[in-house]
Amino acid sequence: MNIILFTADEIQKPLSLSDPRAAHILNVLKAVPGQAIRAGIINGPQGSARIISLDGKFLYFSFEPGDEGEGLLDLVLIAGLCRPHSAQKILREAASLGVGKMYFVRTELSEKSYAMSKLWTAGAYKRFLLEGTGQAYSTRLPEIKLFLSLDELLEILPGGLQIMLEIGEKEPLLSDIPVISLPVTLAVGSERGWTRAEREVFLSSGFKTARLGQRILRTETAVLCGLSIVLSKLGKM
(Lines give C-alpha, C1' and ligand atoms only; values in the text may rest on other atoms or scores of the structure.)
Protein backbone atom coordinates (compact mmCIF):
# COMPACT_ATOMS: atom_id res chain seq x y z
CA MET A 1 0.00 0.00 0.00
CA ASN A 2 1.20 3.51 -0.81
CA ILE A 3 -0.68 5.25 2.00
CA ILE A 4 -1.79 3.98 5.40
CA LEU A 5 -5.48 4.71 5.94
CA PHE A 6 -7.23 5.32 9.26
CA THR A 7 -10.71 6.30 10.32
CA ALA A 8 -11.06 9.72 11.96
CA ASP A 9 -11.32 7.96 15.33
CA GLU A 10 -8.30 5.70 14.81
CA ILE A 11 -6.02 8.58 13.85
CA GLN A 12 -6.24 9.86 17.44
CA LYS A 13 -5.18 6.57 19.07
CA PRO A 14 -2.07 4.34 19.25
CA LEU A 15 -2.00 1.53 16.70
CA SER A 16 -1.99 -2.01 18.06
CA LEU A 17 1.05 -4.00 16.97
CA SER A 18 -1.34 -6.83 16.05
CA ASP A 19 -2.94 -4.60 13.41
CA PRO A 20 -1.82 -5.47 9.84
CA ARG A 21 -1.09 -1.78 9.27
CA ALA A 22 1.45 -1.82 12.07
CA ALA A 23 3.10 -4.87 10.53
CA HIS A 24 3.29 -3.07 7.20
CA ILE A 25 4.76 0.05 8.77
CA LEU A 26 7.42 -1.84 10.69
CA ASN A 27 8.23 -4.80 8.43
CA VAL A 28 7.64 -3.44 4.92
CA LEU A 29 8.28 0.29 5.28
CA LYS A 30 10.91 -0.36 7.98
CA ALA A 31 9.77 2.80 9.73
CA VAL A 32 11.50 3.76 12.99
CA PRO A 33 10.73 6.38 15.66
CA GLY A 34 11.16 9.86 14.24
CA GLN A 35 10.32 8.78 10.69
CA ALA A 36 7.23 10.07 8.85
CA ILE A 37 5.13 7.90 6.55
CA ARG A 38 2.27 8.66 4.18
CA ALA A 39 -1.06 8.42 5.98
CA GLY A 40 -4.59 9.67 5.58
CA ILE A 41 -8.10 9.70 6.99
CA ILE A 42 -10.63 7.63 5.08
CA ASN A 43 -12.69 10.03 2.96
CA GLY A 44 -10.67 12.87 4.46
CA PRO A 45 -7.27 14.54 4.10
CA GLN A 46 -4.00 12.96 3.15
CA GLY A 47 -1.00 13.76 5.28
CA SER A 48 1.87 12.18 7.19
CA ALA A 49 2.11 10.13 10.37
CA ARG A 50 5.31 10.54 12.35
CA ILE A 51 6.30 7.55 14.44
CA ILE A 52 6.87 8.64 18.03
CA SER A 53 7.62 5.36 19.81
CA LEU A 54 6.52 1.77 20.27
CA ASP A 55 6.32 -0.64 23.15
CA GLY A 56 5.30 -4.27 23.40
CA LYS A 57 1.68 -3.56 22.46
CA PHE A 58 1.31 -0.30 20.57
CA LEU A 59 2.85 1.94 17.95
CA TYR A 60 2.49 5.63 18.86
CA PHE A 61 2.32 8.28 16.15
CA SER A 62 1.15 11.81 15.45
CA PHE A 63 -0.76 12.78 12.33
CA GLU A 64 -0.22 15.96 10.33
CA PRO A 65 -3.05 16.50 7.82
CA GLY A 66 -2.38 17.87 4.35
CA ASP A 67 -4.64 18.47 1.37
CA GLU A 68 -7.85 16.65 0.55
CA GLY A 69 -6.37 14.86 -2.45
CA GLU A 70 -8.10 14.04 -5.73
CA GLY A 71 -11.77 13.08 -5.62
CA LEU A 72 -13.35 10.05 -7.25
CA LEU A 73 -14.71 10.04 -10.77
CA ASP A 74 -18.40 10.33 -11.62
CA LEU A 75 -18.08 6.85 -13.05
CA VAL A 76 -20.52 4.08 -12.12
CA LEU A 77 -19.66 0.41 -12.50
CA ILE A 78 -22.50 -2.10 -12.59
CA ALA A 79 -21.28 -5.67 -12.18
CA GLY A 80 -23.42 -8.78 -12.29
CA LEU A 81 -23.01 -10.63 -9.01
CA CYS A 82 -20.15 -13.06 -9.50
CA ARG A 83 -17.99 -15.43 -7.45
CA PRO A 84 -16.76 -13.74 -4.26
CA HIS A 85 -13.13 -14.24 -5.33
CA SER A 86 -13.85 -12.45 -8.61
CA ALA A 87 -15.78 -9.71 -6.82
CA GLN A 88 -12.79 -9.12 -4.51
CA LYS A 89 -10.59 -8.41 -7.53
CA ILE A 90 -13.18 -6.05 -9.00
CA LEU A 91 -13.54 -4.15 -5.72
CA ARG A 92 -9.79 -3.71 -5.30
CA GLU A 93 -8.88 -2.79 -8.87
CA ALA A 94 -11.88 -0.57 -9.61
CA ALA A 95 -11.21 1.32 -6.37
CA SER A 96 -7.61 1.86 -7.45
CA LEU A 97 -8.84 3.29 -10.78
CA GLY A 98 -10.97 5.91 -9.03
CA VAL A 99 -14.44 4.55 -9.84
CA GLY A 100 -16.92 6.58 -7.80
CA LYS A 101 -19.68 3.99 -7.41
CA MET A 102 -19.78 0.22 -7.71
CA TYR A 103 -23.17 -1.45 -7.89
CA PHE A 104 -23.26 -5.24 -7.79
CA VAL A 105 -26.56 -6.81 -8.83
CA ARG A 106 -27.93 -10.33 -8.64
CA THR A 107 -28.90 -11.26 -12.17
CA GLU A 108 -31.09 -14.02 -13.56
CA LEU A 109 -27.99 -16.14 -14.19
CA SER A 110 -26.11 -15.30 -10.97
CA GLU A 111 -25.68 -18.01 -8.38
CA LYS A 112 -28.03 -16.87 -5.60
CA SER A 113 -25.69 -18.04 -2.84
CA TYR A 114 -23.13 -15.40 -3.86
CA ALA A 115 -25.27 -12.72 -2.20
CA MET A 116 -24.96 -14.59 1.10
CA SER A 117 -21.16 -14.57 1.06
CA LYS A 118 -19.39 -12.95 4.03
CA LEU A 119 -17.99 -10.56 1.47
CA TRP A 120 -21.40 -8.88 1.54
CA THR A 121 -23.15 -10.01 4.73
CA ALA A 122 -20.19 -9.32 7.05
CA GLY A 123 -18.83 -6.26 5.25
CA ALA A 124 -15.63 -8.05 4.22
CA TYR A 125 -15.68 -6.10 0.95
CA LYS A 126 -14.32 -3.05 2.78
CA ARG A 127 -10.89 -4.66 3.06
CA PHE A 128 -10.54 -4.81 -0.71
CA LEU A 129 -11.72 -1.24 -1.16
CA LEU A 130 -9.06 -0.11 1.30
CA GLU A 131 -6.37 -2.12 -0.50
CA GLY A 132 -7.24 -0.59 -3.86
CA THR A 133 -7.58 2.92 -2.49
CA GLY A 134 -4.28 2.68 -0.59
CA GLN A 135 -2.53 1.36 -3.67
CA ALA A 136 -3.66 4.46 -5.60
CA TYR A 137 -2.42 6.82 -2.85
CA SER A 138 -5.93 8.04 -2.22
CA THR A 139 -8.21 8.34 0.80
CA ARG A 140 -11.52 8.28 -1.08
CA LEU A 141 -13.58 5.08 -0.95
CA PRO A 142 -16.19 4.45 -3.65
CA GLU A 143 -19.83 3.92 -2.81
CA ILE A 144 -20.75 0.22 -2.77
CA LYS A 145 -24.23 -1.26 -2.97
CA LEU A 146 -25.59 -4.74 -3.55
CA PHE A 147 -28.92 -5.01 -5.36
CA LEU A 148 -31.10 -8.07 -5.61
CA SER A 149 -32.89 -6.85 -8.75
CA LEU A 150 -31.91 -4.93 -11.86
CA ASP A 151 -35.04 -2.77 -11.82
CA GLU A 152 -34.21 -1.49 -8.33
CA LEU A 153 -30.69 -0.56 -9.42
CA LEU A 154 -31.64 1.26 -12.60
CA GLU A 155 -33.94 3.62 -10.69
CA ILE A 156 -30.99 5.36 -8.97
CA LEU A 157 -28.56 5.80 -11.85
CA PRO A 158 -27.32 9.25 -12.87
CA GLY A 159 -27.69 10.54 -16.40
CA GLY A 160 -24.91 10.68 -18.94
CA LEU A 161 -23.55 7.95 -21.16
CA GLN A 162 -24.70 4.44 -20.18
CA ILE A 163 -23.09 1.40 -21.76
CA MET A 164 -23.85 -2.30 -21.36
CA LEU A 165 -21.12 -4.69 -22.44
CA GLU A 166 -22.34 -7.52 -24.64
CA ILE A 167 -20.97 -10.54 -26.46
CA GLY A 168 -21.67 -10.60 -30.19
CA GLU A 169 -20.24 -9.51 -33.49
CA LYS A 170 -23.11 -7.09 -34.21
CA GLU A 171 -22.31 -4.82 -31.28
CA PRO A 172 -19.94 -1.86 -31.83
CA LEU A 173 -16.56 -2.01 -30.15
CA LEU A 174 -16.37 -0.08 -26.91
CA SER A 175 -13.22 1.54 -28.26
CA ASP A 176 -15.29 3.03 -31.13
CA ILE A 177 -17.92 4.66 -28.91
CA PRO A 178 -17.28 8.36 -28.22
CA VAL A 179 -16.78 8.99 -24.51
CA ILE A 180 -16.47 12.73 -24.06
CA SER A 181 -17.45 13.58 -20.52
CA LEU A 182 -18.70 12.22 -17.21
CA PRO A 183 -20.96 10.84 -15.85
CA VAL A 184 -20.54 7.41 -17.42
CA THR A 185 -22.12 4.12 -16.37
CA LEU A 186 -20.59 0.84 -17.51
CA ALA A 187 -22.49 -2.43 -16.99
CA VAL A 188 -20.69 -5.80 -17.11
CA GLY A 189 -22.50 -9.12 -16.71
CA SER A 190 -21.61 -11.98 -14.41
CA GLU A 191 -20.02 -15.25 -15.58
CA ARG A 192 -22.88 -16.23 -17.86
CA GLY A 193 -23.71 -12.73 -19.06
CA TRP A 194 -27.05 -10.95 -19.32
CA THR A 195 -30.29 -12.67 -20.32
CA ARG A 196 -32.44 -11.43 -23.17
CA ALA A 197 -34.92 -9.96 -20.67
CA GLU A 198 -32.14 -8.09 -18.87
CA ARG A 199 -30.83 -6.72 -22.16
CA GLU A 200 -34.29 -5.36 -22.91
CA VAL A 201 -34.42 -3.70 -19.49
CA PHE A 202 -31.09 -1.99 -20.13
CA LEU A 203 -32.09 -0.87 -23.61
CA SER A 204 -35.41 0.51 -22.43
CA SER A 205 -33.50 2.50 -19.79
CA GLY A 206 -31.35 4.22 -22.43
CA PHE A 207 -28.23 2.05 -22.40
CA LYS A 208 -26.09 1.61 -25.48
CA THR A 209 -24.57 -1.82 -26.17
CA ALA A 210 -20.91 -2.47 -26.91
CA ARG A 211 -18.40 -5.31 -27.00
CA LEU A 212 -14.76 -5.57 -26.04
CA GLY A 213 -13.72 -7.95 -28.81
CA GLN A 214 -14.14 -11.54 -29.93
CA ARG A 215 -13.00 -13.29 -26.76
CA ILE A 216 -15.24 -14.24 -23.86
CA LEU A 217 -13.60 -12.88 -20.72
CA ARG A 218 -13.95 -13.44 -17.00
CA THR A 219 -16.10 -10.83 -15.31
CA GLU A 220 -13.14 -9.25 -13.51
CA THR A 221 -11.11 -9.13 -16.74
CA ALA A 222 -13.98 -7.57 -18.68
CA VAL A 223 -14.44 -4.96 -15.93
CA LEU A 224 -10.80 -3.90 -16.03
CA CYS A 225 -10.67 -3.83 -19.84
CA GLY A 226 -13.90 -1.84 -20.06
CA LEU A 227 -12.91 0.67 -17.39
CA SER A 228 -9.47 1.11 -18.95
CA ILE A 229 -10.98 1.95 -22.34
CA VAL A 230 -13.42 4.45 -20.84
CA LEU A 231 -10.76 6.11 -18.70
CA SER A 232 -8.37 6.32 -21.64
CA LYS A 233 -11.01 8.04 -23.75
CA LEU A 234 -11.62 10.52 -20.92
CA GLY A 235 -7.89 11.25 -20.67
CA LYS A 236 -7.73 9.75 -17.19
CA MET A 237 -5.19 7.02 -18.02
Subset of region 39-86, residues touching a Pro at 6+ places or on another chain (Cβ under 8 Å), within 30 Å of Thr107 (Cα to Cα) and part of a loop (DSSP other than H, G, I, E, B), comes to Leu72
Do you know which residues across region 96-119 are among the basic types (Lys, Arg) and free of Cβ contacts under 8 Å to residues at least 40 places away in the same chain?
-> Lys112, Lys118
Among helices (runs of 4 or more DSSP H) lying entirely in region 93-201, which contain 2 or more residues that are surrounded by fewer than 17 Cβ atoms within 10 Å (Cβ to Cβ), assigned by TED's automatic domain parsing to the domain that holds Gly226 and not β-branched (Val, Ile, Thr)?
-> 125-135, 150-154
Would a scan of region 205-219 turn up a residue that is under 17 Å from the mean Cα position of the chain (by Cα) and under 21 Å from Gly98 (Cβ atoms)?
-> yes
Return the total of residues in region 1-38 being of a type in the set (A, V, I, L, M), in contact with a helix residue (DSSP H, G or I) (Cβ under 9 Å, 6 or more places away or on another chain) and either modelled with pLDDT of 95 or more or in a strand (DSSP E or B) (or both).
-> 8
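The values are calculated or read from the model by the stated rules, or taken from the named source; none is laboratory data. The structure presented is a predicted model; accordingly, all values stated were derived computationally and were not measured. Positions of Cβ are backbone-derived with ideal geometry, glycine not excepted, and every protein chain shown enters the neighbour counts.
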